1. How large is the charge dipole for segment 313-460, taken about the Cα centre, if only the Cβ atoms of Lys, Arg (+1) and Asp, Glu (-1) carry charge, to the nearest 20 debye?
2. When the dipole is taken about the Cα centre of segment 24-225, and only Lys, Arg (+1) and Asp, Glu (-1) are charged at their Cβ, what size is it in debye, to the nearest 20?
3. Trypsin sites (Lys or Arg not before Pro) within segment 328-377: which are DSSP loop residues with at most 10 other Cβ atoms inside 10 Å?
4. Pull out the extension gain between GLN505 and GLN276, defined as 0.36 nm times the separation in residues minus the alpha carbon to alpha carbon distance; nm, one decimal.
5. Using a Förster distance of 22 Å, how high is the FRET efficiency between ASP458 and GLN598, based on the Cβ-Cβ distance and rounded to 0.05?
6. Considering the zone a paramagnetic label at VAL338 would reach in this model (a point 7 Å from Cα along the Cα-to-Cβ line), which residues of segment 431-458 have amide N under 17 Å from it?
7. Tell me, in nm to one decimal, what length is gained between LEU173 and SER225 on full extension, where the rule is 0.36 nm per residue of separation less the Cα-Cα distance?
8. State the extension gain, in nm to one decimal, for the chain segment bounded by CYS518 and THR381, taking 0.36 nm per residue of separation less the distance between their alpha-carbons.
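Values in this text are rule-based calculations from the coordinates and carry no lab data. Given the structure is predicted, the values throughout are model-derived calculations rather than measurements. Because the Cβ atoms are built from the backbone with ideal geometry, glycine has one as well, and the counts that use them run over all protein chains shown.
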Amino acid sequence: MTPSEALPVQPDAAQPPTRWGWPAWERDEVLREQVALLRHNFPMTLLASLATALGTLWVMARVAEPQAITVWLVSHALVVAGVYLTLRSIAPFTDPAQQAARKLIACMSAMGLSWGSLGYVVLYWGTPESVIYAIGIISTVSSGALGLGAPLYRAYVTYLTCAIGGVMMAVALAGGPVMWPALFLTGVYYALTGMQARTADRATRRSIALKLENDRLVNQLRAESQRALAAQEAAEKADRDKSRFLAAASHDLRQPLHAMGLFLESLQRSPLNDHQLTVLGHAHAASGAAAEMLTTLLDYSRLEAGVVKVRPDAFAVQPLLTALEQEFGVQADTAGLVYRTRETSAAAFADRSLVGLVMHNFISNALRYTAKGGVLIACRTRGKRLALEVWDTGPGIPRSQWDNIFKEFHQLGNPERDRRKGLGLGLAIVQRLAREMNTSVEVLSQPGRGSVFRLWLDRWQGALEDDTAPAPDTVSLVGLKVLAIDDDEAVRLGMQSLLHSWGCQCITAESSADALECLEDITPDIIITDFRLRHEETGKQVLQALRAYLGTSVPAIIMTGDTSPQRLRDAQSTSALLLHKPVSTGQLRDAMVQLITQPQPVPPDSMPQDDDEGTATTSAAASP
């Protein structure tokens, strides 16, 4: 057992101080440490004492009767043996401290009396000079024992008194002209050695007290660390539970919302009267608001999952700004706001889709919080850098809130938590995306006059590749053979209705087994599958099975409403386009056009499993 293991728990109630200035329980611990030190040093001292006794026989045999010195040596050896046996019975960290101390004091007394008895031997069986020899030997032995007895002052003083006292008694009985000088010098030696032992004892006690205090601090630190670890584990568990809940809730909500979007699009193509068109418009608006909130949650989850990969490339800024104006211009007109885009010929080197997502959030926030006036979208060059800016004439943001608005779920001017104003995640997503792209965003604002949000990018000054890909709307999908797989019947019906309206041949299935049966009637040009199916089957497994059966890497689209980080990583390892529910019809059509105009087949035996190299991903918010 180590000293730290034997430390008792400190009492809560205050203990009265002792004469040493410490509480009784602490005094016992100091005494216990002193006993342990003395007990540890004693065995080697006993061996040194036997060696010194043999030397004493050699020296004193010349000035005293050898038989008497031999008898003394034998008796000293017996005392040493008795002391050794007593030491073996002492357990400093299990025996009561006072009891162990008394045993050690008794051992020191026995050793002192044994050496002190040498004075009586030389007094009766030696010459007058032998007393002086005895004084020198015992003084040397007592000085050597100071290192042994320093940890326990009472034990050493007892030893010193017994040893020196015997010699002084012999000197007094011997008499003679040197009696008084010898007694005086011996007394001085006794006093000085006792003072030295006292000093060593105080230093030892201070050192032990410091050690005990350090042990207590270490124990407290260990306890605090354990509590901190427990709190961290609880927080991590809560975060995992939150992620699982968010993933499950998001998926379950996206399924019917996705189906509803497909049905609304099919209904839009049907003949309707004015009232029905008005109701359909409201339904589209409600569906769009719900889709925006779920898409925001998914974007945030994708960032937390670490599946957002930055793929920088050179691109012209103006087409991106034009696409944003086409998306948000109608929304601004409906709200009675002015939407202006300043023309630019600049090019940037960055991930275009992530830049589009950042700008999408900036513009969406600007329109949401601007009641009158409008927004201005501009691109300004600053040397080797350029800044994409969104200006608005909204209420402005106080300087004290400039940092807070980039925190999760933090919203200004929305105390009622109106979900029509979003979830408070848009700017948090922007901040995370900027860090992923190794760049920064900034805000400047003046309350009552408006705000400007900037995204800094690297400027591209080289030549740009000419993009000759046909516009999605000009590519016909008539006759395209599509296999759609989803375990939700409503989604299958909606998908089939929509694809038929585009002139596609569509066959639906609810599992990989059904899909394999369908391959007897059709060889699909494109496979569209949900990622999470029944019986724990995934879209990744379905694609692997179908591609293996067909012997070719059929272009595929995976749709998912799942926000679980592992699910997202699995989905991105299939070399398929990844669409996040709810998927708009325009987004679905664009993805299908991309697959038939720019196919990227990957053989089944070389399909990546552990990364997303070569994976194309898109989302409604990331492709303005």
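1. Numbers: 20 positive and 15 negative charges, 72 e Å.
Taking the Cα centre of segment 313-460 as origin, the dipole is about 340 debye.
2. Details: 15 positive and 11 negative charges, 44 e Å.
Roughly 220 debye, rounded to the nearest 20.
3. Working: sites: ARG340, ARG342, ARG352, ARG368, LYS372; in loops: ARG342, LYS372.
Passing both the DSSP loop test and the Cβ count: LYS372.
4. On the way: separation 229, 0.36 × 229 = 82.44 nm, distance 2.94 nm.
Result for the pair: 79.5 nm of gain on full extension.
5. Working: r = 26 Å, r/R0 = 1.18.
Efficiency computed from Cβ-Cβ geometry: 0.25.
6. The answer is 449-452.
7. Values: separation 52, 0.36 × 52 = 18.72 nm, distance 6.82 nm.
Full-extension gain reported as 11.9 nm.
8. Contour length minus Cα-Cα distance gives 43.8 nm.
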